[in-house]
Amino acid sequence: MFTLYELPVSSYSCKTRIILDHKGVEWVSMAPPDGYGSTAYRAIIPAGTIPAIDQDGFRLADSEAIAEYLDETVKAPAMLPADARLRARARETSRFHDTRLEPLLRGCFAHVAPATRDLEIVSANLSLLEKRLGQLALMVAPSPLLFGDQLTITDCGFVPSFALMKTLSGVFDFDLKMPQKLADYESALTAHPSVAAHNTAYYAALEAWVASKFA
């Protein structure tokens, strides 16, 4: 049994929930005591970040580390390609997501509330995001997922990010242009049996989070 320290609105927690369920792992959700980064939580997870797991006293933070640990210890279904070059490509694409795409979305969070909004910063972030999506479209060839029919660790990171792109674009009334290849990929990804319910739940969490910023 795994304990997953997480919050519903956390994108990397969403990624980890999908992986746990796709692997058929039993787990329970727990919010970080006193909030992530707190002294109480850092006594459990020194990094103070979410998501993190506790498996019978083995504690691990960072969604990518958790994902690869799960893939190595829960063999089926495999969530990285069998071919070494494709595995490397999967990791490359995950790193691109985590370092080039996701930070641009995160950079918009402080501007959701009207009182703290700077539309110049938001516009710059989302315009650069469009360029990054163009780069991504040149890097990948979904068929229908990134590496065929197999749901991979890499795919799971894009589920919450696609939801964030649509949600934030709506909040800021920004016409984010998605390459058709990626739009088709998003449709296939969010329809996957291990993804669909999590995608719906994540949109609901985002809706509640946005509403709280306007309260």
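The values are calculated or read from the model by the stated rules, or taken from the named source; none is laboratory data. The structure displayed is predicted, hence computed values, not measured ones. As a convention, Cβ positions derive from the backbone with ideal geometry for all residues, glycine included, and neighbour counts pool all protein chains shown. Just so you know, the surface numbers come from the protein's heavy atoms only, side chains and all, with ligands and any DNA or RNA stripped out. Shrake-Rupley method; radii C 1.70, N 1.55, O 1.52, S 1.80 Å.
Would you confirm whether any residue within the range 9-17 is of a type outside the set (D, E, K, R), modelled with pLDDT under 95 and in a loop (DSSP other than H, G, I, E, B)?
no
Within the range 177-199, how many residues turn out to be of a type in the set (A, V, I, L, M), open to solvent by 30 Å² or more (accessible area, probe 1.4 Å) and either assigned to a loop (DSSP other than H, G, I, E, B) or at pLDDT below 95 (or both)?
Residues flagged as of a type in the set (A, V, I, L, M), open to solvent by 30 Å² or more (accessible area, probe 1.4 Å) and either assigned to a loop (DSSP other than H, G, I, E, B) or at pLDDT below 95 (or both) within the range 177-199 amount to 2.
Please enumerate the residues belonging to the range 42-62 that are small (Gly, Ala, Ser) and farther than 17 Å from residue 10 by Cα. Please lay out each step first, then the result.
Here is the first cut: in the range 42-62, the residues small (Gly, Ala, Ser) are 43, 47-48, 52, 57, 61.
Selection gives 43, 57.
Just to be sure, is residue 67 open to solvent by less than 40 Å² (accessible area, probe 1.4 Å) and touching a residue at least 60 places away in the same chain (Cβ under 8 Å)?
In short, yes.
Of the numbered conditions (1) within 20 Å of the chain's Cα centre (by Cα); (2) free of Cβ contacts under 8 Å to residues at least 60 places away in the same chain; (3) open to solvent by 10 Å² or more (accessible area, probe 1.4 Å), residue 33 fails exactly one; give the number of that condition.
Tallying (1) within 20 Å of the chain's Cα centre (by Cα); (2) free of Cβ contacts under 8 Å to residues at least 60 places away in the same chain; (3) open to solvent by 10 Å² or more (accessible area, probe 1.4 Å), residue 33 fails exactly one: (1).
Please tell me if residue 122 is touching a His at 6+ places or on another chain (Cβ under 8 Å), open to solvent by less than 10 Å² (accessible area, probe 1.4 Å) and either farther than 29 Å from residue 78 by Cα or not in a helix (DSSP H, G or I) (or both).
Yes: the conditions hold for residue 122.
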